[in-house]
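A short worksheet on the structure shown next.
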């Protein structure tokens, strides 16, 4: 009787905090055994979990920075908690966030338009000595205005990834400049 009551309480708590419902065999929806009530992580398991969470948090923040979006807040709960359920939820949460951030960053708006401009401007690592850098030929003032952090961390646009260059151009576009920083190539691409 006591075990049945304990099981009922565990299931109720799991439902309230959003843990996948257990099956008749006691396994969670993902096939793993849910953590017992009162269980704590070993220090090694907690360290692995925290590293995993930080890795996905950092990946999320990297893609958010590339897109010019604010960072998702991180409360540091994993560092202070020994709860296996909390750690599992945080791992799933940050893994999902990093995947979604990457998908958004890898598919910038107006990608085809930027690629058309790039086709007339030059290679992504272009540094021809004419004061323009990268595959979208950005001058230093443009880089200082729309990507000061990237300019500080990585140098000029010829050192940035193509996605970083495209997102910087997208920031300029969204600021109201449109495709006008590339007047000739934008005309060739029928964008202005």
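Name the residues in the stretch 89-132 that are under 30 Å from residue 39 (Cβ atoms) and touching a residue at least 60 places away in the same chain (Cβ under 8 Å), would you?
Scanning the stretch 89-132 gives a single hit, 89.
Tell me which helices (runs of 4 or more DSSP H) are completely within the stretch 117-192 and hold 1 or more residues being within 25 Å of residue 62 (Cα to Cα) and under 29 Å from the mean Cα position of the chain (by Cα), or say none if there are none.
Once the helices (runs of 4 or more DSSP H) in the stretch 117-192 are filtered for at least 1 residues that are within 25 Å of residue 62 (Cα to Cα) and under 29 Å from the mean Cα position of the chain (by Cα), what remains is 140-146, 148-154, 162-172.
Of the residues 69, 95, 65, which single one is in a loop (DSSP other than H, G, I, E, B) and under 12 Å from the mean Cα position of the chain (by Cα)?
Sole residue among the options that is in a loop (DSSP other than H, G, I, E, B) and under 12 Å from the mean Cα position of the chain (by Cα): 69.
Given 44, 12, 4, which one is modelled with pLDDT of 80 or more, assigned to a helix (DSSP H, G or I), exposed (fewer than 13 other Cβ atoms within 10 Å of the Cβ) and over 21 Å from the mean Cα position of the chain (by Cα)?
44
Among the residues in the stretch 132-153, are any loosely packed, with under 12 Cβ neighbours inside 10 Å and under 20 Å from residue 192 (Cβ atoms)?
no
The values are calculated or read from the model by the stated rules, or taken from the named source; none is laboratory data. Small disclaimer: the values here were computed from a predicted structure and weren't measured. Cβ coordinates were reconstructed from backbone atoms using ideal geometry, including for glycine residues, and neighbour counts include every protein chain displayed.
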